[in-house]
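A short worksheet on the structure shown next.
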Amino acid sequence: MLGEWSCGWRSVPLTVPEGRGELFTAWRFHAAFTDSTLSLADAEKDHRRHAIVEQVIAELKNGPFAHAPSGNFQANAAWLALAALAFNLMRACGTLADTFHARATCATIREHLTNVPARLARSARRLTLHLPEHWPWQYAFDTLFHVVHVPPPPA
């Protein structure tokens, strides 16, 4: 018996029942098959980079680039430029809002922070934005709003 470990509300024995141990206690193995000439560490890095690119492409296809391709090359080029611009702005807004939205997809950021059921009121030459009560993303929206609307530093 190795002893006991207590996590506050119950104690857990530090031994493993008979027949339920790890297969390899000293090493953890992961298979990697590739025909690349890169080293294993570099090949794994390249695989992760490629996975990120695939996620960005999928996000663009589900969002602003869903209208392409059209029969016109210039229209496709314009849609691609606008889709990339919208994607980068949405990711920047998510990063400025909070840590949850920094890792969220653009569709989630759009749903939580952009498509807000709010009312704009004008009184005494001032605009007031009335946001919903008990809105779960109020803090993230306020953070993003104040970061974006900070006055520039004096020159």
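The values are calculated or read from the model by the stated rules, or taken from the named source; none is laboratory data. As the structure is a computational prediction, the values presented were derived from the model and not from experiment. When we count neighbours, we look across all protein chains shown, and the Cβ atoms used for this are built from the backbone with ideal geometry, even at glycine. The accessibility values were calculated without ligands, DNA or RNA, using every heavy atom of the protein model including side chains. Shrake-Rupley method; radii C 1.70, N 1.55, O 1.52, S 1.80 Å.
Here the condition is being surrounded by 15 or more Cβ atoms within 10 Å (Cβ to Cβ), modelled with pLDDT of 90 or more and assigned to a helix (DSSP H, G or I); of Ala140, Ala92, Ala86, it holds for Ala140 alone.
Within segment 58-71, count every residue that is exposed (fewer than 15 other Cβ atoms within 10 Å of the Cβ) and at pLDDT below 85. Qualifying residue count for the region: 7. Restricting attention to segment 27-50 and to residues that are open to solvent by less than 80 Å² (accessible area, probe 1.4 Å) and in a loop (DSSP other than H, G, I, E, B), the residue that is modelled with the highest pLDDT turns out to be Ser39.
Within the bounds of segment 124-135, is there any residue that is open to solvent by less than 100 Å² (accessible area, probe 1.4 Å), of a type outside the set (A, V, I, L, M) and in contact with a strand residue (DSSP E or B) (Cβ under 8 Å, 6 or more places away or on another chain)? For segment 124-135, residues open to solvent by less than 100 Å² (accessible area, probe 1.4 Å), of a type outside the set (A, V, I, L, M) and in contact with a strand residue (DSSP E or B) (Cβ under 8 Å, 6 or more places away or on another chain): present.
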